[in-house]
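Every number here is computed from the coordinates shown, using simple stated rules; none is lab data. Because the structure is predicted, anything quoted here is derived from the model rather than measured. Because the Cβ atoms are built from the backbone with ideal geometry, glycine has one as well, and the counts that use them run over all protein chains shown.
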Amino acid sequence: MTPEGMRAKGTTPGATTMHGATAGTATTTQRATVQGPAARTVATPAGPAAGTGPAASRAGAGPAIRVDGLTKKFGDFTAVDAISFDVRYGEIFGFLGPNGAGKTTTIRMLATLMPPSSGRAVLNGFDVVHQQVKVRESIGLVFQDNSLDDRLSANENLYFHALMYDMPAAEFEPRVREVLSMVDLLDRRHAIVRTFSGGMRRRLEIARGLLHHPAVLFLDEPTVGLDPQTRAAIWEHVKRLRDGFGVTVFMTTHYMDEAENCDRIAIIDHGHIVALGSPEELKASVGEDIMSVGAADPQALAPAIAARYGVEVNQGPDGLRFDVKDGAAFIPRLTADFPGQIRSVSVHRPTLDDVFLQLTGRAIRDEEASGLDQMRMHARAWGGGRR
Amino acid sequence: MNTRRTAKVIYAIWYREQVRFFRDKSRWLGLIIQPLLYLVLVGVGIASSMTFRGAAGGANVSYLTFMYPGIVGMSVLFTAIFSGVGIIWDREFGFLKEVLVAPVPRWAVAIGKSLGIATTVLLQAAILLILAPIAHVQLSVGSALGVLGVCALVGFSLGSLGIAIASRMQSMEGFQFVMNVLVMPMFFLSGALFPLTGLPVWLSALAHIDPLTYGIDALRNVIYVGGQAARVLVQYSIGVDLLVVAALAALLVLLGAWAFQTQP
């Protein structure tokens, strides 16, 4: 563990960033440390030894993915511009950015489906250009759109996958049971995929991506086009994968709220990584929490709070508003300091939307294309890359 | 990539091809109905309105008898090319991605597909043997086995050709084009519907470069073996036919494997 890693660990007791073997710090600017314990409770990811389930097959002691100056140009257009970052074993690493930012192009390069124009990427210790077969054996890929054969049953799709990845025949049965129960599809094992809902298909794809115990699982927009309930369920599964299998998850998303589930996020815009860190770190870099306090007597309480904490207090329609560093931890103190005078307290935490807005000057929502455009862009990214 | 591993990949692709084929009952029906339509509607229609001069030399061979091997060849052509071009559907519906990201050599995938198509064609040919009595064709066991063998080999070749085409096609739009400029001319020029004797020189020349011509001639050779029809309706000896068909199979499987391996 590097000194920097130690320091970071020391200052972020509740945050999710540091765990276990590697502490490869990304070359991109790593921002602010989190102040105090994080309000959001996150399960600490299972380290290499802590996983209860079968461990993913790892090679080497370096990071799961090391990207160095990776660039992809299409003619004059630079889709990915000299990005560098590390992904650690056992973490959920999110690639967050609007459509067309270069997320899928990056995945394609890391998955050996597209050669980089320049730069280097090493995955599970293998070079994505020179050791393609080794890289492919190390990864599972779940695409944004379907890649199942819907005329086959779930079991037949998995059997096909097992053959293609040279799984020993004796391991097929236990592993199928393992991955299908992980995504709650064991009872649909012999059903034809055509009868599956969108969420079930996505879960089956995730199960298939895990069947050969990859070191790294790529999820390209795993929740796009799914209803909120299914999206939540998919996230549940992804976290179980990390904790149970110790698998490293590299995912892309353009949903800011979903990126919160990642251990670390790289925000990508126009082919550049503009920020990298845990969601808490990124949000802390934007600013402080906004407190809204409902008071019995706002006129009297406002100056009292201002004097006590040295903050600027404004009176809004929903009560008194002021900024503090860690709102959640501040609440008990506030109520203890002003007993009986406070009727309600709410904390608005800066969101990743605020982070993106501050870094790029735009809201990511403005960038969202319609569903159809997304499909088109996606089809282009996957299909039109290698001429 | 060792041999065992490669064999496993070929088996995986072949396995999927068979599962899909056996599951799709409408395809089974289509395999019988299409040749039946040609035999009964086209064959009987032509036979009853025109005199069949193809069997010169006083041989008493009906048009239906002549047409039967051609219809078997046609079915093989359509099934094999469509199955090969079916890769475009896999691309369209996404399954191809699962295949392309797997840590396997792509040429092995192409060969597995060609073998899968050959198997499908073999099953289809077995079904078509049932139609022989309609065409007043009597088959010995040897002839029947010969038909199956030739069909499998031709299906393997044409399936590989379909794979090669599909590997260079990005969308379904090119499909109709392939049908019009490749498949239908191959069918018409192959001698499936009319004998290739006494044709204008240009038409005859085109017929002789049509790979299917040799496949159908091989079928006629094994179906009419020893009989009167054999002497008047076949173009080449069975040896020449098989040599051409086998050489084509070798050439086209290499083409298909290469095209799939290097696809964009």
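Here are the numbers for this structure:
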read-out: Residue mean of other protein chain beta carbons inside 10 Å, B:99-107; value: 6
read-out: Rounded if a/c under 1.5, otherwise prolate or oblate - region A:288-349, Cα gyration tensor axes; value: rounded
read-out: B:Met172 versus A:Ile290: modelled label distance in nm, points set 7 Å from Cα along the beta carbon direction; value: 4.9
read-out: Highest to lowest packing among B:10-17, A:203-210, scored as the average C-beta count within 10 Å; value: A:203-210, B:10-17
read-out: Length-normalised contact order of region A:177-297 in % [C-alpha pairs under 8 Å, at least 6 apart]; value: 18
read-out: Derived scalar couplings ³J(HN,Hα) [region B:69-80; Karplus, 6.51 cos²θ - 1.76 cosθ + 1.60; whole Hz; x for Gly, Pro]; value: x, x, 5, 4, x, 4, 4, 4, 4, 5, 4, 5
read-out: Nearest-ten-degree value, helix B:238-261 long axis tilted from longest Cα axis of chain B; value: 20
read-out: Chain B: relative contact order in percent, alpha carbon pairs under 8 Å with at least 6 residues between; value: 28
read-out: Sites B:Ala126 and A:Val133, calculated FRET efficiency, Cβ-Cβ separation with R0 45 Å, nearest 0.05; value: 0.70
read-out: Gain on full stretching of the segment that runs from A:Ser117 to A:Ser346 - 0.36 nm per residue minus C-alpha separation; value: 77.5 nm
read-out: Integer Hz, Karplus 6.51/-1.76/1.60 couplings in order for region B:98-115, x for Gly and Pro; value: 4, 6, 6, 8, 5, x, 9, x, 5, 4, 5, 4, 4, 5, x, 5, 4, 5
read-out: Distance from region A:67-105 to region A:276-347 (C-alpha centre basis), Å; value: 38
read-out: Extension gain, A:Asp353 back to A:Ala300 (0.36 nm per residue minus Cα-Cα distance, nm); value: 15.6 nm
read-out: Region A:288-349 - percent relative contact order, Cα under 8 Å, separation 6 or more; value: 52
read-out: Region A:65-165: C-alpha gyration tensor shape, a/c 1.5 cut-off, then a/b vs b/c; value: prolate
read-out: Percent breakdown of C-alpha pair distances by 10 Å bin, ordered from the shortest bin, for region B:3-261; value: 7, 31, 35, 19, 7, 1, 0
read-out: 5 angstrom amide H check on B:Val225, placed H, neighbours 5+ away; value: none
read-out: Extension reserve of the B:Glu92-B:Leu206 stretch, reckoned as 0.36 nm per residue once the Cα distance is removed; value: 37.6 nm
read-out: Top of B:Ala144, B:Ala205, B:Ala125 by mean-square fluctuation, Gaussian network on chain B, Cα under 10 Å; value: B:Ala205
read-out: Over 23 Å between alpha carbons, listed pairs A:Lys239/A:Lys325; A:Lys72/B:Lys113; A:Lys134/B:Lys8; value: A:Lys239/A:Lys325; A:Lys72/B:Lys113
read-out: Separation of alpha-carbon centers, region B:4-43 and region A:120-141, rounded to whole Å; value: 37
read-out: Overall form of region B:96-241 per C-alpha gyration tensor (a/c, 1.5; a/b vs b/c); value: oblate
read-out: Computed FRET value (nearest 0.05) for B:Met179 with A:Ala232, which takes r as the C-beta separation and R₀ as 35 Å; value: 0.15
read-out: Two-site label geometry, B:Thr262 and B:Val141: point separation in nm, points 7 Å out along Cα→Cβ; value: 4.8
read-out: Which of B:Lys25, B:Lys97, A:Lys239 has the fewest Cβ neighbours within 10 Å, and the rest in rising order; value: B:Lys25, A:Lys239, B:Lys97
read-out: Nitroxide proxy distance, nm - points 7 Å out along Cα→Cβ at B:Gln34 and A:Gln315; value: 8.3
read-out: Amide H contacts under 5 Å for A:Leu185, placed H, 5+ residues apart; value: none
read-out: For A:Asp269, residues with placed amide H under 5 Å, excluding near neighbours; value: A:Val274
read-out: Cβ-based exposure ranking for B:Cys151, A:Cys262, in which fewest neighbours within 10 Å come first; value: A:Cys262, B:Cys151
